[in-house]
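The values are calculated or read from the model by the stated rules, or taken from the named source; none is laboratory data. As the structure is a prediction and not an experimental result, all values here were calculated from the model. Ideal geometry is used to build each Cβ from the backbone, glycine not excepted, and the neighbour counts take in all protein chains shown.
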Amino acid sequence: MKACAVAFAGLPALAFAQAVPSQTGLGSRQASVAARVASGYEAIGIDVGGFTLFPTTTINTGYDTNIYASSRIEVADAFVTLAPRMAARSQWGRHRLSIVADANIQRYAERTIANSTQYGAQADGLLDIGSQTQVTLRGTIAQRIEPRGTEGDTFIGGAPIGYRVITSYASLQQQLGAVGLQVGGNYSVFRYGRTRVANQIADLSFRDFRSVGLDGRIGYHVSASVAPYVSISYNKASYPESSRTIDRDSHGYQLLGGVAVELTSLLVGQVGIGYISQKFGNAVFSDVGGFNYRGSLVWTPTTLSTVTLQANRSLQRGPTIGVAGVIQSEVRVGVDHELLRNLILHADVGYFDVGYRGIDRSDNRLNGGVSARYALNRNLSITLSEAYSRQRPGGASITGRSYDRHQLNAGVAIQL
């Protein structure tokens, strides 16, 4: 299990109205426990020209009490996961570039239909044009699967639903005294192929999805520790195959106003509230409009502990023909503690409320877990974890999904 990120990093499915990245200039003066690596246990890397390579390979073995995340077909199985990763980070004096390539190969002992292979690459760049001007570039290309038990996992008992994704984002940040400005644009494409369910092949091309968006943000540093801001984003979403079935194309915007604060050197965060709106071209789907929020808070009570609180509301793409979109609200709390210099403990719990647009269905999901990461030396570490998830459906739709699921993992990570 990965520790909760210090700042909100996004949801598994791409939101119609994407979040505008935070450019507040505020931050805790000490690294979180999860991000901090004790001296003598950090990876050294391999120098190649102006880059340093950081190869990592993780091998996990575990047991899943409900591999399909369903109370109707409750199957337990053991699995093994191989996850190689290569990160390349520039060592330039001014601009920055990082490239990460990864894979995740999972194989089950008995239910081989549940096997999956994922891989991808992401590049992040920063152009330092001047002391007050920066350009951020980001691009991703990957082959992924819909996580079991989530909104995108629409078939129970079959193979994982795979998709190809390409995303790109570019933004310009400009500092004008106490005022910070940011403008950006994004483009994303999701492509679904075929999957196998009960010895049948299902064509999922109707789920192909494309979105383009623009965003902007303006913030003002009232002081070194307080920066109110306003952000707005616009998106246009389309389903290329929708003309064969139901038109689910839409466009909308998200408006947020809030404040980023560093109350003390131990407490930093930001919170924004606003309005979300999405209009659909087809009258079958009612327009979305209502209250929206996004926030994060990081508390470091001691140098050995970090507490993280996150909250977010967003509109996700629809997983089936009759669903125009999914409203997802999330609240999550995580705690990291450094028991020893080389032993990090983690615990988190999160609650999701998922409402479907177009059908009378809602899902309430609770998940959480605990983990321990023990570093033997700078090259080898061991991780033990236990995760639990529980979902209960609401609404009149018969497609609602209920399940309880436990996952036990033991892994070894090797890094250079």
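Miscellaneous remarks
Table: residues versus (1) surrounded by fewer than 18 Cβ atoms within 10 Å (Cβ to Cβ); (2) polar (S, T, N, Q); (3) modelled with pLDDT of 90 or more.
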residue: SER211; (1), (2), (3): no, yes, yes
residue: ALA227; (1), (2), (3): no, no, yes
residue: TYR239; (1), (2), (3): no, no, no
residue: LEU256; (1), (2), (3): no, no, yes
residue: LEU263; (1), (2), (3): yes, no, no
residue: ASN282; (1), (2), (3): yes, yes, no
residue: ASP287; (1), (2), (3): yes, no, no
residue: LEU304; (1), (2), (3): yes, no, yes
residue: ALA324; (1), (2), (3): no, no, no
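- Strands (runs of 3 or more DSSP E) (entirely within region 170-214) containing at least 2 residues that are among the β-branched types (Val, Ile, Thr): 179-192, 194-197
- Subset tally (residues that are of a type in the set (A, V, I, L, M), surrounded by 16 or more Cβ atoms within 10 Å (Cβ to Cβ) and more than 18 Å from the chain's Cα centre (by Cα)) for region 100-112: 0
- Flag if SER211 is over 26 Å from GLY139 (Cβ atoms), of a type in the set (Gly, Ala, Ser) and within 27 Å of the chain's Cα centre (by Cα): no
- Selection count where residues are hydroxyl-bearing (Ser, Thr, Tyr), touching a Gly at 6+ places or on another chain (Cβ under 9 Å) and touching a residue at least 60 places away in the same chain (Cβ under 8 Å), scope region 246-296: 3
- All positions within region 83-97 that are surrounded by fewer than 17 Cβ atoms within 10 Å (Cβ to Cβ), under 15 Å from PHE51 (Cβ atoms) and under 20 Å from the mean Cα position of the chain (by Cα): MET86
- Exclusive hit being in contact (Cβ under 8 Å) with a residue 24 or more places away in the chain, in contact with a helix residue (DSSP H, G or I) (Cβ under 8 Å, 6 or more places away or on another chain) and farther than 30 Å from ALA227 by Cα, set PHE190, PHE209: PHE190
- Apart from one condition, ARG378 fits all of (1) over 29 Å from LEU297 (Cα atoms); (2) surrounded by fewer than 16 Cβ atoms within 10 Å (Cβ to Cβ); (3) in contact (Cβ under 8 Å) with a residue 40 or more places away in the chain; the exception is (2).
- Condition check for ALA123: surrounded by 16 or more Cβ atoms within 10 Å (Cβ to Cβ), small (Gly, Ala, Ser) and closer than 30 Å to GLN182 by Cβ: yes
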